[in-house]
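Shown next, in structure tokens, is the structure this report addresses.
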Amino acid sequence: MPELPEVELYARYFAEQALRQEIARVEVRDERILGAVRKEALSRALRGNEFTRISRHGKHLFADVATQWVHFHFGMSGDLAYYTSEDEEPRFARVVFDFTNGAHLAFEDMRLFGVVDLTPSPGDFIREHRLGPDPLDPNFTLKRFREIVARRRGAIKAMLMSQEIIAGIGNLYADETLFQTGIHPRRPVNKLSHSDVKAVYSRMRRVLREVIERKARGASYPRTYLIPRREEGERCPKCGGTIRRTVVFGRTTYYCGRHQR
DNA sequence: TTCCATGTTCCGCA
DNA sequence: TTGCGGAACATGGA
């Protein structure tokens, strides 16, 4: 379930559970999950070392080990699991890091769209993959967002989901942001008013932060959100209109036919 | 059996 | 050059 908020929670989980433990071995259960790195090289780079710190950019997570960083991308179904007993290994574990203290950290990913890789540093990775700014980064100001918007055309939803423009927003949170700002997902970016742009900027960040904090407490989505009502014909929790379903930027899109214009 | 899924990439076309 | 639709990737659940 990984868009920015979920990956942020994985990052916190990783940092709390799996730092500063010597890595005994790396078990690759399915090589299709590896990016450019071969399993022998991954194992060699990690064995005898420890994860020392975690970094996140958009939907990407990085774990510092010795002179390199392990890069994780969670695809559609990736997750992390830290456990001490072998029989707790997740069914779809693809890579398992065994620690000398007997604990394990598994990267699980049923659908195999995720990636485990090595990279010299998060900065190198971000440049190489041309990722846009992380929307929760303190340097990502409204001014910067306006500059990005000014250079663009096309549907607002496509812009929000393009990782080279802004890194971390996926299908659900793009829809949620537009639902809360009352903007139709197909509205061209150049037809947004000055205040629309500000609203999108603020709502996007509020949604991301709110979801992180709520999920960190084990809570579900607020009842005012669109996310729990992603179904054709549902009632809009904001205005009582009807929830519509369509396709934008290749993804199933839900919006309120009444208040999103 | 068929459709759908929180993602990314590549190709072709306008 | 930019933007977008479609297909492909792999797999399980409704």
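The values are calculated or read from the model by the stated rules, or taken from the named source; none is laboratory data. Quick caveat, the model's predicted, so the values are computed rather than measured. Cβ: placed from backbone, ideal geometry, glycine included. Neighbour counts: every protein chain shown.
Couple of notes before you dig in:
- Hey, A:Ser77 among the polar types (S, T, N, Q) and under 22 Å from A:Asn171 (Cα atoms) or not: yes
- Selection within region A:147-169 - crowded, with 21+ Cβ neighbours inside 10 Å and under 23 Å from A:His60 (Cβ atoms): A:Lys157, A:Met159, A:Leu160, A:Met161, A:Ile166, A:Ala167, A:Gly168, A:Ile169
- Residue match in region A:5-26 (condition: in a strand (DSSP E or B) and within 16 Å of DNA strand B (Cβ to nearest atom)): no
So that you can scan it fast, the table gives a plain yes or no per residue for (1) in contact with a Cys (Cβ under 7 Å, 6 or more places away or on another chain); (2) closer than 20 Å to A:Leu9 by Cα; (3) surrounded by fewer than 21 Cβ atoms within 10 Å (Cβ to Cβ); (4) among the small types (Gly, Ala, Ser):
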{"site": "A:Leu172", "(1), (2), (3), (4)": "no, yes, no, no"}
{"site": "A:Leu178", "(1), (2), (3), (4)": "no, no, no, no"}
{"site": "A:Tyr201", "(1), (2), (3), (4)": "no, no, no, no"}
{"site": "A:Arg205", "(1), (2), (3), (4)": "no, yes, yes, no"}
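- Qualifying residue in region A:161-169 (condition: within 16 Å of DNA strand B (Cβ to nearest atom), under 26 Å from A:Arg209 (Cα atoms), in a helix (DSSP H, G or I) and modelled with pLDDT of 95 or more): yes
- Scanning region A:210-260 for residues that are of a type in the set (Lys, Arg) and either more than 19 Å from A:Met161 (Cα to Cα) or touching a Pro at 6+ places or on another chain (Cβ under 8 Å) (or both) yields A:Arg214, A:Lys215, A:Arg217, A:Arg223, A:Arg229, A:Arg235, A:Lys238, A:Arg244, A:Arg258.
- Pick from region A:84-128, criterion crowded, with 16+ Cβ neighbours inside 10 Å and without any contact (Cβ under 8 Å) to a residue 24 or more places away in the chain, ranking: nearest to DNA strand B (Cβ to nearest atom): A:Phe92
- Unique residue being touching a Lys or Arg at 6+ places or on another chain (Cβ under 7 Å) and within 16 Å of DNA strand C (Cβ to nearest atom) when the list is A:Ile33, A:Ile23: A:Ile33
- Residue in region A:223-246 that is free of Cβ contacts under 8 Å to residues at least 24 places away in the same chain, of a type in the set (A, V, I, L, M) and assigned to a loop (DSSP other than H, G, I, E, B) present: no
- The residues of region A:142-158 that are among the basic types (Lys, Arg) and farther than 16 Å from A:Tyr173 by Cβ, listed by number, are A:Lys143, A:Arg144, A:Arg146, A:Arg151, A:Arg152, A:Arg153.
Let's see how each residue does on (1) hydrophobic (A, V, I, L, M, F, W, C); (2) within 10 Å of DNA strand C (Cβ to nearest atom):
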| site | (1), (2) |
| --- | --- |
| A:Arg144 | no, no |
| A:Glu147 | no, no |
| A:Ile165 | yes, yes |
| A:Leu172 | yes, no |
| A:Gln180 | no, no |
